[in-house]
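Student: I'd like to ask some things about the structure below.
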Amino acid sequence: SAHKEYKILLYKYPTSTELLYSWSSFADSILNNPKEADLARKQAQGLQDDDADVPPEAALQVELEQAEARTAGSGGTSSSDNRRGVMIRQFANWKKAIMRDEERQLQSLATKVLVGLMIILAFATTGFVVSDFILFKSMAQKEMHMITTIGDMRTSCVSIAFYLRDLIIAAWFYDKGKYTTIQQQGRMLSEHISEENFFIRNHIAVAEADEYFNVKTFQANIPKAGRWDIVNNTLWELGNDFSRRSDLAFSTTYEELKSHSFHLANISDAKRGIPYVWENFFRSVTPAYEGLVSIYVHEMDHVGHITNMLVTVMSIVNGVLLLLLTAIVLLGMRRLIRDAEHKRVVCLLAISLPKPTVKKLSNFYRENEKRLRVLEDEDVERTMMETAVRDDDDTGHGKDDTAHSADAPQDNWHLGGSVREGKSKWRESNNGSSRMLSTNDTKSGVDDHRLSATQVFDDSHPVPSAPEKEPSVNLVVPHSTERADNEENGTSQLMSSSAQKPEVVATPVGPTFVGSYVFNTISLALGRGSVSTAERRSSERARRNSTLGMVGEFVLRDARHDQIVNAALDKSMAKRRIWFNRRTIYVLCSCILLVLGVMGSSFPSRNLTSLIHLAPIVDNAGRREELARGVIVFARELVMADGLCRHSIQELSNALRWLIDELKSVDNAIRLGDGHGIGVGADKRNKEHNEVMYTPICPWRDDPSDCTIPEKQAASGKGLQFLTLTFLDAAESVLARFGLPPKGHLEDFEHLREPGYDHNQPEFLDINVELTRYANFTNDADLKFVSESFHGDLFQGYKYIELMFEREMEVILHQGIEENDVLFSLYVVALLVVFYFSIFRQSIHRGLSEVEACRAVIMQIPTYVLRYCI
């Protein structure tokens, strides 16, 4: 616009007095801003006072300003000035009332959307805190850790019994070095059980588990001097007592342990720990901890139900809130942004004003356009300045001011508005142009009492051209200027060059005046381009009969035409609307937010689902180690049959039978699923598991490619699953050769006790050692393979699989937490940064700026020239 172009030129050439005077005229008449005009004139006068070599044009300018000041002081234009001042003050007081409802509605919409965003953000934050800090970190992570800890503790309890047998064998065979090594290992293992029991007590977060661990009692057989007592202990007390007494058992002296006597009245408290371990580890301790771990596995299922419920609630509530927010925004923005667009408001203002008002404002802007064009012709300007000053000196101040029409514009130009209008006959009737101007079209048609739509909407009237002279500096537009029409903003960029004063460049005015903007924006908004005079005249009749002509003539009398204009304006404004005010942007952003909201709640939950499925696998992986070592312990005790384990042959046979069957069942459930709480087996969900189980690799060894098993060459290099089958076959062989057919209950180990059991049976008090039985561990290949599997490839492979599942568990946990954090961060960024700050706030600011633009345009209308029209 001309306003912006003037600002650019003033920034580039702040010391150009001609530019300052031209700007002051523009600000005074077009912008209706006398303060800005006075400031520019004072600045120009100050520059002229500082310049010793004042050019004649500037001197005439100063003299003219002084003449104008005298004219103003004489009271000749006091009535017009007073009227103008009153109107300016009134409009300044009314400025905030203009578009006040739209402004308040925009602010109200901004408040509603901000409150809605805070509610959505609070709800999303609540869901994030619940899923991240409660479900993942507080519940799932801790419960999975408890499952692995309790599983390891069960295996350690079985290992205590195995090491006690090794300790006794080392003492009976006088191997003190081995005795010392085993003693250290056993005491370390006892301390480890104590630490794990203490960890379980401090990290119990489930009410059911807390009651089971600290309230529920379990029976235990306690050896004392000469008798056995049955006591009821909580699981916390049972675990501590077991670790303490097992540590005492490993502290038995080498000399005392050589004795085969286990009469309670004759042995120390340390040696009494050995029968205590054998009496309780498989009957009381390990079953009690298996019950505890089952609670945590069940609790993981409960976490799964909470997760599904949370995902459902979060998705529904988040979707409903986003849809409501989108509806509020779309409905509000559609109406408010459209109503606040200042181009639309100006267009409607231009076509809704009364015809006399339109005519007077049109005449005012056309005359001022002519003036500014003439002012840029230096020869004409110099002649007019000299004539105006000379006439003013001859006739006095303000003689002709009274001859001015009451409806005429009384503005203060830097060339002396009243003087020029009075003496040079500047304001002539609109059916002819000034005698000082040469024009090809003296009939503008604006004096006609019927103002056509073409005359209201079209600013392409021919501009009168001054007589051709020598090249001169053109501050605004010479009559030879070429127009580069810009249909986007309704302006015409006028370009010219000057050879005499290169420091001054052209300033586009004319069609970019506020007045022309008011009356031409509607033409551009309805899609009309600039046309030549001939084309306009030839199509004038057709346009009068067209929709556009009907709008110009009858818009105030026919509601149908109002609808046509509004529809045309809405369509045009929609095409020109900035990107963040478009409905498709809000719909797209809402869809993205909805997708992110659903993903933020449902996508991380798949990791919790994986953890829920993994929990029973991890539990049974630890239990498989426990059962495998239990098979080894009881197979060896069945072969020894010396009474140390305090079980009869039948009980040992039943126990071994139960352990073998249970190991098979657990192994199949881990691999294939559909058992022991496992839905999907590891064969279908873990590629690394399949490589370890079914390919000839041994990743637990230093050399994974070397899978040679000296005890069973047939099982070498065929995978852990083949090794498991070989182990089970060997255990079956030992049971068939040394045991008895199973009899009685085989449901669990707690019910394997034979009727009429007596703690003080002779075979339990005096251990009958048959050294010939020890030769079987060397001569029998199956027994040797089973016995050495306690520390061999079978147990190492099972341990490797368990650690693999635990690593998978950690990966899933960290992945779930990371995905939850990332998706929540993306959701917050999309909600606040993208939707609110980048789109919605810009729309609100744009709407408020459009309101201010409407006020600015209305404030710039020269209402002081209108006396009876409004």
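The values are calculated or read from the model by the stated rules, or taken from the named source; none is laboratory data. On a predicted model such as this, the values are computed, not experimentally measured, just so you know. Ideal geometry is used to build each Cβ from the backbone, glycine not excepted, and the neighbour counts take in all protein chains shown. Ligands, DNA and RNA are stripped out before the accessible areas are found, and what is left, the full protein with its side chains, is counted by its heavy atoms. Shrake-Rupley method; radii C 1.70, N 1.55, O 1.52, S 1.80 Å.
Student: Select from the stretch 708-730 the residues that are closer than 17 Å to residue 783 by Cβ and open to solvent by 20 Å² or more (accessible area, probe 1.4 Å) and list them in ascending order. Before you say what the answer is, go through the steps one by one.
Tutor: Restricting attention to the stretch 708-730, the residues satisfying the condition of being closer than 17 Å to residue 783 by Cβ are 709-715, 723, 726-730.
Correct list: 710, 711, 712, 713, 714, 726, 729.
Student: May I pose another question? Considering 648, 665, which residue is modelled with pLDDT of 90 or more and open to solvent by 10 Å² or more (accessible area, probe 1.4 Å)? Before you say what the answer is, go through the steps one by one.
Tutor: Numbers: 648 fails: modelled with pLDDT of 90 or more.
Matching residue, one of 648, 665: 665.
Student: Additional query: Every residue in the stretch 733-767 that is surrounded by 15 or more Cβ atoms within 10 Å (Cβ to Cβ) and modelled with pLDDT of 60 or more, please. Even if it seems obvious, please write down each step before you answer.
Tutor: Let us first name the residues in the stretch 733-767 that are surrounded by 15 or more Cβ atoms within 10 Å (Cβ to Cβ), namely 733-735, 738-740, 742, 746, 749, 752-753, 759, 764-765, 767.
Correct list: 733, 734, 735, 738, 739, 740, 742, 764, 765, 767.
Student: Would a scan of the stretch 317-336 turn up a residue that is open to solvent by 50 Å² or more (accessible area, probe 1.4 Å) and closer than 20 Å to residue 200 by Cβ?
Tutor: no
Student: Taking the residues in the stretch 564-599 that are under 18 Å from residue 314 (Cβ atoms) and among the aliphatic types (A, V, I, L, M) as candidates, determine which candidate is least open to solvent (accessible area, probe 1.4 Å).
Tutor: Taking the stretch 564-599 and keeping what is under 18 Å from residue 314 (Cβ atoms), we get 590-599.
Checking which are among the aliphatic types (A, V, I, L, M) leaves us with 592-596, 598-599.
Working: 592: 86, 593: 3, 594: 57, 595: 78, 596: 29, 598: 52, 599: 71 Å².
So, considering only residues that are under 18 Å from residue 314 (Cβ atoms) and among the aliphatic types (A, V, I, L, M), the one least open to solvent (accessible area, probe 1.4 Å) is 593.
Student: Let me ask something else about it. So which helices (runs of 4 or more DSSP H) stay within the stretch 1-51 end to end and still have 3 or more residues that are buried (at least 22 other Cβ atoms within 10 Å of the Cβ)? Spell out how you get there, then give the answer.
Tutor: Numbers: elements: 2-12, 17-25, 34-50.
Correct list: 17-25, 34-50.
Student: On to the next question. Return yes when residue 790 is crowded, with 21+ Cβ neighbours inside 10 Å and modelled with pLDDT of 85 or more and no when it is not.
Tutor: Details: crowded, with 21+ Cβ neighbours inside 10 Å: no; modelled with pLDDT of 85 or more: yes.
When the stated conditions are applied, residue 790 does not pass them.
Student: Which residues, taken from the stretch 106-129, are surrounded by 17 or more Cβ atoms within 10 Å (Cβ to Cβ) and within 30 Å of residue 618 (Cα to Cα)?
Tutor: If the condition is that a residue be surrounded by 17 or more Cβ atoms within 10 Å (Cβ to Cβ) and within 30 Å of residue 618 (Cα to Cα), then 127, 128 are the ones that fit.
Student: Looking at 57, 65 in this structure, which one is at pLDDT below 60, over 25 Å from residue 860 (Cα atoms) and of a type outside the set (Ser, Thr, Tyr)? Quick ask: steps written out before the conclusion?
Tutor: Values: 65 fails: over 25 Å from residue 860 (Cα atoms).
Being at pLDDT below 60, over 25 Å from residue 860 (Cα atoms) and of a type outside the set (Ser, Thr, Tyr) holds for just one of 57, 65, which is 57.
Student: Further question: Cβ-Cβ below 6 Å, separation at least six or inter-chain, first residue in the stretch 204-219 and surrounded by 13 or more Cβ atoms within 10 Å (Cβ to Cβ), second assigned to a loop (DSSP other than H, G, I, E, B): which pairs?
Tutor: 210/204; 213/204
Student: Further question on the same structure: Which residue pairs have Cβ atoms under 7 Å apart, sit 6 or more places apart or on different chains, and have a first residue in the stretch 609-625 that is without any contact (Cβ under 8 Å) to a residue 60 or more places away in the chain and a second that is among the small types (Gly, Ala, Ser)?
Tutor: Close Cβ pairs satisfying both conditions: 620/669.
Student: Further, regarding this structure: Would you pick out the residues in the stretch 600-633 that are in a helix (DSSP H, G or I), under 30 Å from residue 121 (Cβ atoms) and open to solvent by 10 Å² or more (accessible area, probe 1.4 Å)? Give the derivation first.
Tutor: First, the residues of the stretch 600-633 that are in a helix (DSSP H, G or I): 600-602, 605-633.
When the remaining residues are screened for being under 30 Å from residue 121 (Cβ atoms), the result is 600-602, 605-612.
600, 601, 602, 605, 606, 609, 610, 612 - these are the residues of the stretch 600-633 that are in a helix (DSSP H, G or I), under 30 Å from residue 121 (Cβ atoms) and open to solvent by 10 Å² or more (accessible area, probe 1.4 Å).
Student: Another one. Of 281, 213, 242, which residue is modelled with pLDDT under 90, in contact with a helix residue (DSSP H, G or I) (Cβ under 9 Å, 6 or more places away or on another chain), of a type in the set (Phe, Trp, Tyr) and in a helix (DSSP H, G or I)? Break it down stepwise before answering.
Tutor: On the way: 213 fails: modelled with pLDDT under 90; 242 fails: modelled with pLDDT under 90.
Exactly one of 281, 213, 242 is modelled with pLDDT under 90, in contact with a helix residue (DSSP H, G or I) (Cβ under 9 Å, 6 or more places away or on another chain), of a type in the set (Phe, Trp, Tyr) and in a helix (DSSP H, G or I), namely 281.
Student: A follow-up question, please. Name every residue in the stretch 669-694 that is out of contact with any strand residue (DSSP E or B) (no Cβ under 9 Å at 6 or more places or on another chain), loosely packed, with under 15 Cβ neighbours inside 10 Å, on the phi < 0 side of the Ramachandran plot and free of Cβ contacts under 8 Å to residues at least 40 places away in the same chain, in order of residue number.
Tutor: Residues satisfying the conditions are 684, 687, 691.
Student: Mind checking which residues of the stretch 130-187 are among the charged types (D, E, K, R) and buried (at least 22 other Cβ atoms within 10 Å of the Cβ)?
Tutor: Filtering the stretch 130-187 for residues among the charged types (D, E, K, R) gives 132, 137, 142-143, 152, 154, 165-166, 175-176, 178, 187.
143, 154, listed by residue number.
Student: Got a sec? Which of 378, 386, 367 is farther than 30 Å from residue 572 by Cα, modelled with pLDDT of 75 or more, over 55 Å from the mean Cα position of the chain (by Cα) and not hydrophobic (A, V, I, L, M, F, W, C)?
Tutor: Details: 378 fails: modelled with pLDDT of 75 or more; 386 fails: modelled with pLDDT of 75 or more.
Every option except 367 fails the conditions.
Student: Separate question: Mind listing whichever residues of the stretch 813-855 are among the hydroxyl-bearing types (Ser, Thr, Tyr) and under 30 Å from residue 612 (Cα atoms)?
Tutor: Within the stretch 813-855, the first condition is being among the hydroxyl-bearing types (Ser, Thr, Tyr), and the residues that meet it are 825, 827, 836, 838, 843, 849.
Within the stretch 813-855, 825, 827 qualify.
Student: Which of the numbered conditions does residue 822 fail, given that it passes all the others? Conditions: (1) surrounded by fewer than 17 Cβ atoms within 10 Å (Cβ to Cβ); (2) over 30 Å from residue 328 (Cβ atoms).
Tutor: All conditions pass for residue 822, except number (2).
Student: Residue 264: surrounded by 13 or more Cβ atoms within 10 Å (Cβ to Cβ), part of a loop (DSSP other than H, G, I, E, B) and either small (Gly, Ala, Ser) or at pLDDT below 95 (or both), yes or no?
Tutor: Working: surrounded by 13 or more Cβ atoms within 10 Å (Cβ to Cβ): yes; part of a loop (DSSP other than H, G, I, E, B): yes; either small (Gly, Ala, Ser) or at pLDDT below 95 (or both): yes.
It is true that residue 264 is surrounded by 13 or more Cβ atoms within 10 Å (Cβ to Cβ), part of a loop (DSSP other than H, G, I, E, B) and either small (Gly, Ala, Ser) or at pLDDT below 95 (or both).
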